[in-house]
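The values are calculated or read from the model by the stated rules, or taken from the named source; none is laboratory data. Since the model is a prediction, treat every value here as computed from it, not as a measurement. All Cβ positions, glycine included, derive from the backbone under ideal geometry; neighbour counts span all protein chains shown.
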Amino acid sequence: MKGILDAAKRELQARFSSVRDPKTGEFPIVLVEGTRLEDLRVRIDASPNLIAIIRERMSPQDLRSVDLTTQADEMVPKAFLSYTAANRALAEKIATAFQKNGVDTWWAEWEMGPGDSIRQKIDTGLRDCTHFLVLLTPQSIDRPWVLEEMDAGFVRMIDQVSKFIALRHALPVSALPPLLQGKLAPEIDADASNIGELINFIHGVSRKPALGPKPLAMETDRTGYSPAASKIAEIFAKESHSGHVLDPQRTIDELMERTGLTKNDVKDALHEMRHYLHVSHDRTWPQNNFFVEFDKHYMSWDAEKDALRLAADIVNDETFPASPAEIDKIYGWGPRRLNPALTYLKDRDLASIHSTMGSQYLTYRVLGTDSTRRFVASRT
């Protein structure tokens, strides 16, 4: 039965992990969980575009019992800076400050090359920008080219495609066009030394003080599981020494005493976490995948991020060791942190890992495969 179960998991994993985004080359990360054929569950982690492709290619029957998890993409703001040649020096200071602080900036001096079409380059910059900025000064306020670009910026603002921001230099608000007088137009000095607040705004950094924690009595759990399940999960996560199956083991009575829960509450919580905790003869212990799921909530690391770092080192460094003990000498994580990273790679078939018994580590060696390379390429 175990052989049949493993074969079913491999077939499901292969079916979904072969789908690829034709534009970005991304492959999904696929995890198949469950200890019985009738209880198998597929979890797929991918970008929104790849999720849409999977939904399109797979039938409703294929997607039954499948959790599609959208990977949060880090959005890089793109600014288009409109200015007139008379203000080139100030525009360069603004563009350079933006670029150095994580705002990808379209500035004509950087974008135009010999033989380039000015109109095509500007159209591309306008189309891709998340923030349209125009530097308004006494020299630029009535320049035809600046006014044309402002028209295009207004259209994108009306279509809610990008934000429109007017920057003033040596120009009073009363001199702005009527449509801009009702909008906040930051004033920039000659050295662009006061542009930090605008950069923070573009990155979404609020001037509002950080929100403090709720009163303890109002605190709710953030794991996505019930408070009872989370209390039990915290015990296993914090008291494990190896991040490995069977460590630690607790009886239902011990869990009742530690959490203050009733026996039925404990049983229901264990059933809720049946993919991660095993119950046998009144004793409970974690499966290897438990630590991948819960360490990020209770420990100072995240197994998925650790797995990506490990995979990247394996792919990029031909001399990187295969022995977990040697890897541990480099990272200094200890078995408790390294084993969940190995589990993440093993369960998703992202590396060559064979479980071993009688060792503090999940495996005696970890080797890169084509899946390892695809994982790194899709996540970096």
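So the values come out like this:
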| quantity | calculated |
| --- | --- |
| Answer residue from segment 82-110, given it is under 19 Å from Arg156 (Cβ atoms) and more than 30 Å from the chain's Cα centre (by Cα) and is surrounded by the fewest Cβ atoms within 10 Å (Cβ to Cβ) among those | Ala108 |
| Evaluation of Ala303 against (1) touching a residue at least 24 places away in the same chain (Cβ under 8 Å); (2) farther than 16 Å from Phe236 by Cα; (3) among the small types (Gly, Ala, Ser) (one fails), failing number | (2) |
| Unique match (being polar (S, T, N, Q), without any contact (Cβ under 8 Å) to a residue 24 or more places away in the chain and part of a loop (DSSP other than H, G, I, E, B)) among Gln160, Gln139 | Gln160 |
| Subset of segment 135-151 [in contact with a helix residue (DSSP H, G or I) (Cβ under 6 Å, 6 or more places away or on another chain) and surrounded by fewer than 21 Cβ atoms within 10 Å (Cβ to Cβ)] | Gln139 |
| Residues that are surrounded by fewer than 18 Cβ atoms within 10 Å (Cβ to Cβ), out of contact with any strand residue (DSSP E or B) (no Cβ under 6 Å at 6 or more places or on another chain) and closer than 24 Å to Lys346 by Cα, drawn from segment 248-275 | Pro248, Glu272, Arg274 |
| Residue list for segment 278-299, filter: small (Gly, Ala, Ser) and either closer than 12 Å to Ala341 by Cα or assigned by TED's automatic domain parsing to the domain that holds Tyr344 (or both) | none |
| Filter pass, Met273 being under 29 Å from the mean Cα position of the chain (by Cα), touching a residue at least 40 places away in the same chain (Cβ under 8 Å) and more than 22 Å from Tyr361 (Cα to Cα) | yes |
| Selection from segment 83-121 of residues that are basic (Lys, Arg) and either touching a helix residue (DSSP H, G or I) at 6+ places or on another chain (Cβ under 8 Å) or not assigned by TED's automatic domain parsing to the domain that holds Val134 (or both) | Arg88, Lys121 |
| Filter result for Leu338 (modelled with pLDDT of 95 or more, aliphatic (A, V, I, L, M), surrounded by 22 or more Cβ atoms within 10 Å (Cβ to Cβ) and out of contact with any Ser or Thr (no Cβ under 7 Å at 6 or more places or on another chain)) | yes |
